[in-house]
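So the structure is just underneath, and the comments pick up after that.
The values are calculated or read from the model by the stated rules, or taken from the named source; none is laboratory data. Everything numeric in this text was worked out from a predicted model, so none of it was measured. Neighbour counts are summed over all protein chains in view; Cβ atoms, including those assigned to glycine, are modelled from backbone coordinates with ideal geometry.
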Amino acid sequence: MVTGTYVRFHIDNEYDALEAVLVHRPGPEIERLTHQNMHAFLFEDVPFLRRMQDEHDAFVGEMTDRGIEVYYLEKLLLDVLRDEQSRVTLIEAVCQNEGVPGIAEGLSGLTHWGPEGLADLLFAGVTAAEYREASGQRVASGQSADSFLLPPIPNAYFSRDPAVIVRDAAISSKMHFRERVRETLLTRAVLENHPDCRDNLITYGGTDEPTEDRPYTIEGGDVIILSPEAVLVGASERTRSETIELLAGKCFQFGHVERVYEVPIPTERTFMHLDTVFTVIDRGMVLWYPQVMADMQYIHRYEPDGSDAGRVLRVPESRGLPELLEDEFGTDLTIIDTAGGSAHFATREQRTDGTNALAIAPRTVIAYERNERTIAALEENGVTCIGIDDSELVRGLGGPRCMSMPLRRRPSSA
């Protein structure tokens with residue numbers, strides 16, 4: 001864990017050498033899952049927490065062993081909670097979002113818990129009985145003792161989704177499912193208030209954002225940074241086309257990119273984000289799930305309209321995705337199919353996040369070791385694959401890319 005080191009955001013693409021990353025180690029929120037509530041919390045099964053933490057520690061260890069600075073969301077959050085004003089503001093926002101504004105004062109006043117106890121609560125939630133025991137205050141009549149006043153957020157270890165860095169600024173996401181909105185609130189509180197992060201710009205989704213953006217949803221797993229000039233965004237189950245247009249306008253306004261492309265993927269849980277079916281391994285090299293990506297129905301391109309009003313043009317893209325990628329990468333394109341092109345095994349390995357590899361350097365990726373055929377296909381193309389255990393991590397349907405929010409990559413020219 002790195003502390004007291006200012007983090008300057010810089011992400012120009014998906015493959016330059018990773019220098020700093022944000023993660024969240026699975027914690028007590030995972031033990032709130034039961035077979036009765038797991039689907040409501042977007043899980044396929046109930047993980048074994050201790051083994052899950054071991055697997056996550058090994059994932060982080062592979063990065064730290066290679067000199068990558070790893071920041072833990074929960075540790076940075078502790079520093080934010082130590083500041084009284086930041087603590088009160090965050091808890092009020094969380095309680096308002098969950099529809100229980102009446103308990104905000106009680107939670108903020110639980111100073112005997114300390115920042116550690118409040119941080120655990122913000123991830124693991126609190127039941128009516130727990131709140132009464134801790135605060136001495138009753139809740140509304142009719143509230144059962146074991147019902148959640150604040151539900152847990154077990155998906156928080158997928159730190160890719162609450163925010164994404166584009167060039168030198170952050171985009172704070174607007175989550176599709178209410179069960180995940182608090183992840184954005186916690187991450188945004190860190191980005192805006194922690195001394196190691198707060199001087200970086202948030203160009204979309206900050207607390208001072210106009211309310212006109214609020215109905216729209218976008219999640220970090222749908223954002224793929226092709227180059228300093230171009231971004232690919234998936235219109236998916238969780239990211240709306242209207243949001244992509246808004247995001248494009250803000251990226252152009254702040255001079256971060258010149259082109260934003262919208263690509264559609266099926267609006268199904270199996271393909272929840274673009275990065276579950278498409279990732280970039282190096283300049284001119286991609287890994288994709290062909291059953292979705294090889295049959296792209298349309299692509300739209302967003303550009304500035306050139307007027308002083310800062311409006312955005314949305315135009316149909318005449319190029320197919322391979323041609324578009326070749327033009328943006330400025331080189332021939334190598335496409336590696338999930339499971340090496342076997343339709344049968346691709347279906348299996350896509351389900352276990354075979355396509356969701358994290359590039360930590362050009363042609364060097366971290367992947368779930370169970371996806372053996374995808375790893376073999378990558379290695380046949382000269383890619384170094386670092387396999388990690390995943391029997392418990394995979395139960396939330398997310399891979400190494402999902403579990404990481406890159407903060408800084410070293411530019412190729414550096």
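Below is a table of values for the structure above.
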quantity: Helices (runs of 4 or more DSSP H) contained in the stretch 1-112 and holding at least 3 residues within 22 Å of the chain's Cα centre (by Cα); calculated: 49-64, 73-81, 84-97
quantity: Every residue from the stretch 314-327 that is surrounded by fewer than 14 Cβ atoms within 10 Å (Cβ to Cβ) and in contact with a strand residue (DSSP E or B) (Cβ under 7 Å, 6 or more places away or on another chain); calculated: Val315, Pro316
quantity: All strands (runs of 3 or more DSSP E) inside the stretch 282-355 with 3 or more residues being not hydrophobic (A, V, I, L, M, F, W, C); calculated: 300-304
quantity: The stretch 350-368, residues that are within 13 Å of Leu397 (Cα to Cα), buried (at least 24 other Cβ atoms within 10 Å of the Cβ) and either charged (D, E, K, R) or in contact with a Lys or Arg (Cβ under 6 Å, 6 or more places away or on another chain) (or both); calculated: Asp353, Asn356
quantity: Filtered residues of the stretch 294-344 (kept if hydrophobic (A, V, I, L, M, F, W, C), within 21 Å of Thr279 (Cβ to Cβ) and at pLDDT below 95); calculated: Ala294, Met296, Ala343
quantity: Listing of strands (runs of 3 or more DSSP E) fully contained in the stretch 171-253 that carry 1 or more residues being of a type outside the set (Phe, Trp, Tyr), under 26 Å from Thr270 (Cβ atoms) and in contact with an Asp or Glu (Cβ under 7 Å, 6 or more places away or on another chain); calculated: 223-225, 230-235
quantity: Residues of the stretch 125-147 satisfying the condition of being assigned to a helix (DSSP H, G or I), within 34 Å of the chain's Cα centre (by Cα) and modelled with pLDDT of 80 or more; calculated: Ala128, Ala129, Glu130, Tyr131, Arg132
quantity: Residues that are farther than 20 Å from Arg160 by Cα, among the hydrophobic types (A, V, I, L, M, F, W, C) and outside any helix (DSSP H, G or I), drawn from the stretch 357-384; calculated: Val383
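Okay, residues lined up against (1) touching a Ser or Thr at 6+ places or on another chain (Cβ under 8 Å); (2) among the hydrophobic types (A, V, I, L, M, F, W, C); (3) over 25 Å from Phe254 (Cβ atoms); (4) crowded, with 19+ Cβ neighbours inside 10 Å:
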site	(1), (2), (3), (4)
Leu77	no, yes, yes, yes
Gly117	no, no, yes, no
Asp146	yes, no, yes, no
Asp161	yes, no, no, yes
